[in-house]
Amino acid sequence: MLYSRLFLPTAKEAPKDAAIQSHILMIRAGLIKKVGSGIYSILPLGYRTIKKVENIIREEMDRIGGNEFYLPVLIPAELWKTSNRWYDMGQELYRLKDRGEQDYVLAPTHEEVFTYILKDHLRSYRDLPLTVYQIGLKFRDEIRPRFGVMRGKTFIMKDAYSFHPQGDAESLHGTYSDMSGAYRKIFQRCGLETVPVAADSGAMGGSQSEEFMVPSTVGEEEIVQCRGCGYVANKEKAECEVERIDYKDTGPAELVETPNVKTIADLSEFLKIRTDHLIKTLLYKMLDERFVIVLIRGDLEVHETKLKNYLGVSEIEKAAEEESREKLGIPMGFVGPIGVKGAMIIADHSVREIKGGVTGANRVDYHYKNVSAERDFVPETYTDIRVVKEGDSCPKCGGSLSMFRGIELGHIFKLGDKYSRAFGVEYLDEDGSSKVPLMGCYGIGVERTVAAVIEQNHDDDGIIWPISVSPFHVYILPVKYEGRVKEVSNTLYRELSSSGVEALLDDRDERAGVKFKDADLIGIPFRVTIGEKSLESGKVELKMRNSKEPTYLKVEKMANVLKNMVGEELAKYR
Ligand SMILES: Nc1ncnc2c1ncn2[C@@H]1O[C@H](COP(=O)(O)OP(=O)(O)OP(=O)(O)O)[C@@H](O)[C@H]1O
Ligand SMILES: [Mg+2]
Ligand SMILES: [Zn+2]
């Protein structure tokens, strides 16, 4: 490609809303352009990289027997009503109507569509297992789109789904493991170091899941890790050992007047009692208007995602003051589990051992003291809903937990039969009985992967592409594109191009300084500088984007040497 023909709007300045390096560099290097909040266009240079990432994904999916589809994104709402997600997905789902007032969704994932398509074709146990996938657009009305393409309202995802005989956990596990292996391969081929974070999501009936994280200070995910035994888990799922606290039974529960004392801190101060002896009571509301009272030790916080997972709902919110009055008859600050009616009660594990505790008395300006869990109230269940913090104890070995931040690039999990059952998918088993297949589901964010590559591979001057996903392999930089320099540049360009090396020839009538700056910014791994001076001694200068020191190539040999070097570099990512 000739630079003069390429649409490549590089920029010196970063846009004001770009807060992280990948976002800044993707815009400055002319890879993307913003169209609206969370909506980005991919420009030609960016699309070259996107296609490379897609192809790596495609090759690895095909290698494990994936069937590639191309699916619509505009989906009749009926399919989403069948799975029930039309009702319980909440506001992330884009819903729209056509001129005939029919409901549609813009798909945020494609479980429904694939299950619908395959329903008529999975007839016999011989049709299983089956793995299908697509690389296509997704739409999600994210609350906080940010960091450029990291979290967009529309983005490209590879999503795969697998179908297995019911009761054949081994078949499902086989594909799940193949995917896990393929993901490792994919990210490695993109030049990324990822950490697979495994998690058993209890809410889904012991099903397994694994997220692929790129450690990064700008990551939105918090990952909990034990250096002692290697336990790693997303903070949304990480558990910890409950501290042993020396609780003493202080006698029967007793009302105490606590005028205007509502918060945990005030209460601790007012009653001169440690916060780990307080039972915090929170009221949450679900989309279907059901309320739930949540109990946790006073010094801990509730993780709302854990709570949602436990309840099996996609959205939950803290009840408003007047809702608490309406539903429970008292304002929030004085709610407690003893004798309360109007909502189910669930408690964190940390509450189970509490004796001599304090909790709201369901009466304005009163609390109970000397409260014992189990004796004075019995929640529907004790479960893990606490926020795990740095220094908490590892659930496996008791060691101290630490935290790091990461970007989630991919997610694989065992789905069970939620969708196949909802869509009435049935196959005839070997024994002649009719059964519902099990499913697995596996996603990778394509643009987010590209952004993560840049987060991990850049310096102050710009991007440093791993060659496997670089828009071009070689940047040819004639210091002044004229005379003998032009001739040699053209020859190199022709020879590289004809042997399959992707070269970008900077044929612009620009100052050398501008060209060097742009070359560093867009980050192509090999840069060949051709100038009059070095030509006098029959040489051109080669500099790798990731090193400071140049080397020199003889003009007669430059194309061949480069071709081999590029080949070797590419081979590292195969
Ligand atoms: N809004 C988005 N913009 C860009 N990529 C996304 C977005 N949401 C998800 N992805 C990508 O799609 C992959 C699979 O989607 P999945 O539904 O598992 O994501 P998710 O759990 O909603 O992710 P997140 O927790 O970041 O919202 C993610 O691992 C991520 O790489
Ligand atoms: Mg999400
Ligand atoms: Zn441990």
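Observations
- For Asn67 and Lys272, the FRET efficiency from 1/(1 + (r/R0)^6), where r spans their Cβ atoms and R0 equals 60 Å, is about 0.35.
- The chain: relative contact order as a whole-number percent, Cα under 8 Å and 6+ apart: 17 percent
- Whole-number accessible area per residue in Å² for segment 129-220, which is evaluated in the context of all protein chains at 1.4 Å: 38 Å²
- Nearest-10 value in Å² for the accessible area of His349, using the 1.4 Å probe: 60 Å²
- The label point for Ser177 and the one for Glu482, both projected 7 Å from the Cα toward the Cβ, are 6.7 nm apart.
- Taking amide H as placed 1.01 Å from N in the peptide plane, Gln208 has its amide H under 5 Å from the amide H of Lys414, each at least 5 places away in sequence or on another chain.
- The alpha-carbon atoms of segment 221-289, seen along their principal axes, cover 47, 39, 21 angstrom, with the largest extent given first.
- For segment 333-400, the C-alpha radius of gyration divided by 2.2 N^0.38 Å, with N the number of residues, is 1.30.
- Nitroxide proxy distance, nm - points 7 Å out along Cα→Cβ at Met544 and Glu78: 5.8 nm
- Each 5 Å bin from zero up to the one holding the largest Cα-Cα distance in segment 11-58 carries the following percent of pairs: 5, 21, 27, 24, 14, 7, 2, 0.
- Amide H contacts under 5 Å for Phe147, placed H, 5+ residues apart: Ala19
- Contact order for segment 473-556, expressed relative to its length and based on alpha carbon pairs under 8 Å spaced 6+ residues apart, stands at 32 percent.
- Unpartnered cysteines - no second Cys beta carbon under 4.7 Å - across the chain: Cys190, Cys240, Cys441
- Accessible-area composition of segment 304-347, carbon plus sulfur, in percent [1.4 Å probe]: 44 percent
- Radius ratio Rg over Rh of segment 151-245, counting only Cα atoms, Kirkwood formula for Rh: 1.00
- Accessible area per residue (1.4 Å probe, heavy atoms of protein chains only) ranks Lys237, Lys318 as Lys318, Lys237, with the largest value leading.
- Straight-line cross-link reach from Lys185 at under 12 Å between alpha-carbon atoms covers these aspartates and glutamates, not counting any fewer than eight positions away in the same chain: Glu59, Glu60, Glu193.
- Global geometry of the chain, whether rounded, prolate or oblate, following the gyration tensor of its Cα atoms and the 1.5 cut on a/c: prolate
- When both segment 361-394 and segment 118-162 are represented by their alpha-carbon centers, they are found 40 Å apart.
- With R₀ set to 30 Å, the beta-carbon distance separating Asp460 from Arg5 gives a calculated FRET efficiency near 0.55.
- Surface/4 of the Cα convex hull for segment 346-484, nm²: 22.7 nm²
- Stretchable slack from Glu495 to Arg508, in nm (0.36 nm times residue separation minus alpha-carbon distance): 2.7 nm
- Cross-link pairs Lys306/Lys369; Lys272/Lys308; Lys158/Lys318; Lys34/Lys548 - those with Cα-Cα distance over 31 Å: Lys272/Lys308; Lys158/Lys318; Lys34/Lys548
- List Phe114, Phe147, ordered by accessible area with a 1.4 Å probe, largest first: Phe147, Phe114
- Rounded, prolate or oblate (a/c below 1.5 giving rounded, otherwise prolate when a/b exceeds b/c) for segment 55-184 by Cα gyration tensor: oblate
- Between 0 and 90°, nearest 10: helix 558-571 axis offset from the chain longest Cα axis: 20 degrees
- Cα-based helix-to-principal-axis angle, 483-498 vs the chain, degrees rounded to 10: 60 degrees
- In this calculation the C-beta distance from Arg375 to Arg405 is compared with R0 = 41 Å, giving a FRET efficiency of 0.45.
- Pairs spanning more than 20 Å between alpha-carbon atoms, out of Lys81/Lys119; Lys12/Lys533; Lys285/Lys414; Lys280/Lys355; Lys12/Lys33; Lys396/Lys418: Lys12/Lys533; Lys285/Lys414; Lys396/Lys418.
- Virtual spin-label span in nm between Arg144 and Ala14, 7 Å along Cα→Cβ: 1.8 nm
- Each residue was assigned an accessible area with a 1.4 Å probe, and for Lys418 the value is about 100 Å².
The values are calculated or read from the model by the stated rules, or taken from the named source; none is laboratory data. In this text the structure is predicted, and so the values were computed from the model without any measurement. For neighbour counting, all protein chains shown are included, and Cβ atoms are generated from backbone atoms with ideal geometry for every residue, glycine included. Ligands, DNA and RNA are stripped out before the accessible areas are found, and what is left, the full protein with its side chains, is counted by its heavy atoms. Shrake-Rupley method; radii C 1.70, N 1.55, O 1.52, S 1.80 Å.
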